[in-house]
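Read the structure below first, then the notes.
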Amino acid sequence: MNNTTSQPCDHSPFIGLIGLGYWGKNILRSTHELGILHTACDSNLDILSERKGQFPQVIYTTSYVDILNNHDITAVAIASPAITHYEYVKKALLAGKDVFVEKPLALAVHEGEELVRLAEKGDRVLMVGHILQYHQALLKLKELITSGELGKIQYVYSNRLNIGKLRTEENILWSFAPHDISVMLMLIDEEPLNVSAFGGDYLNRGVYDTTLTTLDFKNGVKGHIFVSWIHPYKEQKLIVVGSKAMAVFDDVSKEKLFLYPHTIEWRNGKIPIAQKADHQVIPVEPGEPLKMELCHFAECVMQRKKPRTDGIEGLRVLKILELAEKSIANSKLNHATIQAFNYSIPQPLNPSTSDYFVHESAYVDENVEIGEGAKIWHFSHILRGSKVGKNCKIGKHVEIGPDVNIGDNCKIQNNVSVYKGVTLEEEVFCGPSCVFTNVYNPRAFMERKHEFRQTIVKRGATIGANATIVCGVTIGRYAMIGAGAVVKKDVPDYAIVAGVPAKQIGWACKCGTTLRFYDNHSVCRYCGSEYKTYNRALTVVREV
């Protein structure tokens, strides 16, 4: 590839581009000029129309499936919102395409790990858009560090600040910080031993507008990353402090890289005195970083080689992001989160009692009530306005809320989401990965929060693993929903239902044992409770 990226790549068009919005329009321009763009895709007709006017020669589509099914398209570039990255990358890899995805690789480490495994299994190129690793000024900075011109590196810090595009689907940590994390890992050539962070959610509660992340590395180097999109002016600086000199990368300045050969002298061996020197502008090779990055991807696809910012590198960044986010969550629980404007610092959760357990990786919003004896395990999230009753057991990767009531003594197994509109009464059991919905006919492009249908699960009911409860139904007291069932209508008290769609196949005792009836009468063989049936309804005669 030509280092100046002024010439098209020597290859017929082979890339399908997904997402033509905020950053996607830049990838559209670059891939088109490089001659590697085959088809561009966006579901937004207004954006599509605008891009057609700018680049009429390009083939356009509104369907991602069209790109995946086109055999002339061997690689996909993804510039859609971050929340879609995992799904789109996975579909592309499974379709046998090489993939370039804008940062971040995904929004969870386990998703990133799955994508890396899929790429390795299918022998596919997977590259993450950490554009600063293709910036000539930062490549030159890496040379200065490697050559020893800065001396021993002691401290690295970056500011990525702006006022402009504000996002509600992802916080500033995931939007801005991946660039600086990736660069720090490249420059220091180590992974941090410790990650800590705190932030402020000033505009939208739960969506951080500013974060400060600190990194401690094994070789003693310290780093910090300050990002904000509510700053009065744009600033993008990265500063490396060495024992011999300091270097500044300023992406807003016309001259990008500066060297400050300041020294420190010690008076009487005790008092440090700064000896300032004039700064030097470090010359940098020309080249547009985005085109350099996309040319590198094209080379890797054509030559079947590993990208500089491959899936593994993207996963390293993702792990640090996740650790930083957990640190922010924990600092919030410990009342250390910066609060918005005139908001008061929140009081401890349930200040009248501390007799509950929240794992350090779990996230509990403000205005949440947690009952005595409750336990909330790894990576779970209890959203604002929700109430978790006494002695509840909340497993791993569970999301509850917002504004959901969970009764006392409920047990919710791993990977369950209890959305707004769902109410669990006392002693409800939710099996692993069971599903609740709250909109009957959802569309991604239509807002239907005002159409939530209420779902009630009454006392003592059991929902089996992987069962789906379609919104708007009531699950009766002590009912038993079979594993994998799809419930679309009300379930009577004590009924056992199974299948797709779920149908009643029997009756269950309060203890959970299937009842056997003789002349419409049954005595539970396990606990001795007694029941009768009449007109397809169950009557309790005696419960133990």
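The values are calculated or read from the model by the stated rules, or taken from the named source; none is laboratory data. A quick note: this is a predicted structure, and the numbers were derived from the prediction, not measured. When we count neighbours, we look across all protein chains shown, and the Cβ atoms used for this are built from the backbone with ideal geometry, even at glycine. The accessibility values were calculated without ligands, DNA or RNA, using every heavy atom of the protein model including side chains. Shrake-Rupley method; radii C 1.70, N 1.55, O 1.52, S 1.80 Å.
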- Message: As an exercise, use a Förster radius of 60 Å and the Cβ-Cβ distance of Lys449 and Lys276 to find the FRET efficiency, rounded to the nearest 0.05.
- Response: 0.55
- Task: Just the number, please: percent antiparallel of the DSSP beta bridges in the chain, rounded to the nearest 5.
- Result: 45
- Mind checking which aspartates and glutamates have their C-alpha under 18 Å from Lys458, skipping anything on the same chain fewer than 8 residues away? Asp403, Asp408, Glu425, Glu426, Glu427, Asp490, Asp493, Glu543
- Heavy-atom accessible area of Ile271 with all protein chains present, probe 1.4 Å, nearest 10 Å²? 80
- Which entries of Lys152/Lys234; Lys121/Lys396; Lys222/Lys244 show an alpha-carbon separation above 23 angstrom in the structure shown? Lys152/Lys234; Lys121/Lys396
- Task: Past 26 Å, Cα to Cα, is the threshold; run Lys90/Lys387; Lys218/Lys319; Lys390/Lys420 against it and keep the listed order.
- Result: Lys90/Lys387
- Over the chain, the sum of -39500 (n - 2.57) across DSSP H runs of at least four, divided by residue number and rounded to 500 deg cm²/dmol, gives at 222 nm -6500 deg cm²/dmol
- Message: How large is the Kirkwood hydrodynamic radius of the range 405-544, counting all unique pairs of alpha carbons, in Å?
- Response: 15.5
- Message: Please give the Cα centre distance for the range 428-484 versus the range 367-408, rounded to the nearest Å.
- Response: 17
- Please list, or write none, the aspartates and glutamates whose alpha carbon is within less than 17 Å of the alpha carbon of Lys52, excluding same-chain residues fewer than 8 places away. Glu33, Asp42
- What accessible area per residue comes out for the chain, rounded to a whole number of Å², with a 1.4 Å probe? 49
- Would you please give the residues with an amide H less than 5 Å from that of Val358, counting only those at least 5 places away or on a separate chain, with H modeled from the backbone geometry? Ile376
- Given charges of +1 on the Cβ of Lys and Arg and -1 on the Cβ of Asp and Glu, with all other atoms neutral, how large is the dipole of the range 57-144 about its Cα centre, in debye to the nearest 20? 160
- Message: Can you divide the C-alpha Rg of the range 34-162 by 2.2 N^0.38 Å and report the result to two decimal places?
- Response: 1.32
- Task: Can you give me the span-like helices of the chain, meaning DSSP H runs with 24 Å or more of Cα extent along the axis and Kyte-Doolittle mean at or above 0.0?
- Result: 311-333
- Note on the structure: Between [x] 27; [y] 31; [z] 13, the structure-derived percent of Cα pairs over 44 Å apart is [y]
- Query: Around Asn391, which amide H atoms from residues at least 5 apart in sequence, or from another chain, sit under 5 Å from its own amide H, with H modelled in the peptide plane?
  - Reply: Glu372, Gly373, Ala374, Asn409
- Note on the structure: For Met246, other-chain or 5+-apart residues with amide H closer than 5 Å (H placed, Pro excluded) are Tyr260, His262
- For the chain, with all protein chains present and a 1.4 Å probe, just round the carbon and sulfur fraction of the accessible area to a whole percent. 50
- Surface accessible to a 1.4 Å probe, Val58 within the full protein complex, Å²: 20
